[in-house]
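Notes to accompany the following structure.
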Amino acid sequence: MSPPGPHSTLVEVDAHIRSCLNWDYGRRDSRMWQLYERSKVAQWNVSTDIDWTPEVHVGSLLRPRDGLVPPTAPPGSPVSPERWNDFLWEFQVWMVSQFLHGEQGALLTTARLVEVVPDIEAKTYAAAQVADEARHVEAYARYIDEKLGVSYPINAGLEQLLRDLLAESRWDVLYLGVQVVIEGLALVATRVASTSFGDPVITSITRMIARDEARHISFGVVALDGMYQDMTSRELADRDDFLQEAVHVMSQRFLLGEVWEHLGVDVAAGRRFVRNDPRMVAFRQLLFFKVVQVLRQIGMLTPAVRDLMLAESLAQPEVFAK
Ligand SMILES: [Fe+2]
Ligand SMILES: [Fe+2]
């Protein structure tokens, strides 16, 4: 990774937020508290619970195991069959880099939740999640440093979403952005990575992280349960707009523009391939499946979000028929 520098790597976001203290110390028999109890016993240590000894050779022959990403160049690929292995490595490096940046985003935005959410149970749980996210940053940063030696900068769309969220004053929108959209994608993506990436180190890191992320998703669902039943149509329309923008930005990210650029492939051709190749479409639909599920649970799977997801092939129509 590039060394820290005052101008090259530091991003500052101004925010006007409303922190709140609460002298009602809550209930220890709530669903939120159960999650907190689970979190306390599920802590793990990046230094000792991951076997860091296997060597990783970037560029060595990869054999993706579960076939989510085509193991060999499919028809219409903008990359020649001889370079498909290079693509698979670029894809892994890009994904892990975005995991790392996303984890830092989750670290900061969840820390913000501690301040701005009103309930003590939610503050307490969010604090536990902050520790999880710090651990995730540690794991991916170490993997990139020690095993890959190369990384990608944050995707521009993800950075903009994180900037917007850090400037956000409505705490439920913070939940929607982080706990629903970003975490929903992260949960599935880390599970996919844990079964399809090429080396044992990233496999064990993503397996451990996926367990934590499943808890984080539950946190969002519990926190937003019933939240949108009593909102005004104006307030709901604001949330709807936010969700459409967040889903669109995240969907664009998975067209892999930076990967094609780095491989020296025509970016428009690369994006067209990802849009049309059946395996790549199925991969994106799998990634967004959890987001659909959670939005349905919290009552925010709006017609506009559904239409957007269909237009961008992020879900099959049958998914919405359930
Ligand atoms: Fe995380
Ligand atoms: Fe998380």
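Overview of results
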{"item": "Alpha carbon convex hull of the range 223-268, projected area averaged over orientations, nm²", "result": "4.6 nm²"}
{"item": "Cleavage-rule hits (GluC sites (Glu not before Pro)) in the range 52-140: DSSP loop, at most 13 neighbouring Cβ within 10 angstrom", "result": "E55"}
{"item": "Dimensions (Å) - the range 91-189, Cα atoms, principal axes, largest first", "result": "42, 25, 22"}
{"item": "For the chain, with +1 on Lys and Arg beta carbons and -1 on Asp and Glu, the positive-most of S218, L10, L107 along the dipole", "result": "S218"}
{"item": "Student exercise, the chain dipole from Lys, Arg, Asp, Glu Cβ charges, in Debye to nearest 20", "result": "740 debye"}
{"item": "Net charge, R253 excluded, C-beta distance under 14 Å - Lys, Arg +1, Asp, Glu -1", "result": "-2"}
{"item": "Cα long-axis angle, helix 200-224 against the chain (0 to 90 degrees, to the nearest 10)", "result": "30 degrees"}
{"item": "Loop sites in the range 37-117: trypsin sites (Lys or Arg not before Pro), DSSP, at most 16 other Cβ within 10 Å", "result": "R65"}
{"item": "Diffusion coefficient, µm² s⁻¹, Stokes-Einstein with Kirkwood Rh over alpha-carbon pairs of the range 280-322 at 20 °C and 1.002 mPa s", "result": "209 µm²/s"}
{"item": "Alpha-carbon Rg/Rh ratio, for the chain, with Rh computed the Kirkwood way", "result": "0.96"}
{"item": "Mean ellipticity per residue at 222 nm, deg cm²/dmol - from DSSP H runs of n ≥ 4 across the chain, formula -39500 (n - 2.57)", "result": "-20000 deg cm²/dmol"}
{"item": "Under 13 Å, Cβ to Cβ, from Q98 - net charge with Lys/Arg +1 and Asp/Glu -1", "result": "-3"}
{"item": "Overall form of the range 180-322 per C-alpha gyration tensor (a/c, 1.5; a/b vs b/c)", "result": "oblate"}
{"item": "Count, lysine Cα pairs under 25 Å in the chain, 8 or more residues apart or across chains", "result": "4"}
{"item": "10 Å Cβ shell holding at most 11 others, DSSP loop, chymotrypsin sites (Phe, Trp or Tyr not before Pro): longest site-free stretch of the chain", "result": "26-322"}
{"item": "Charged-residue dipole, Cβ positions (Lys, Arg, Asp, Glu), the range 170-322 about Cα centre, Debye nearest 20", "result": "440 debye"}
{"item": "14 Å cut-off, amide nitrogen to a point 7 angstrom out along A131 Cα→Cβ, residues in the range 36-65", "result": "36-46"}
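FYI, it's all coordinate maths here, none of it is from the lab. Remember, predicted model here, so these are calculated numbers, not experimental data. Using ideal geometry, Cβ is built from the backbone for each residue, glycine included, and neighbour counts are taken over all protein chains shown.
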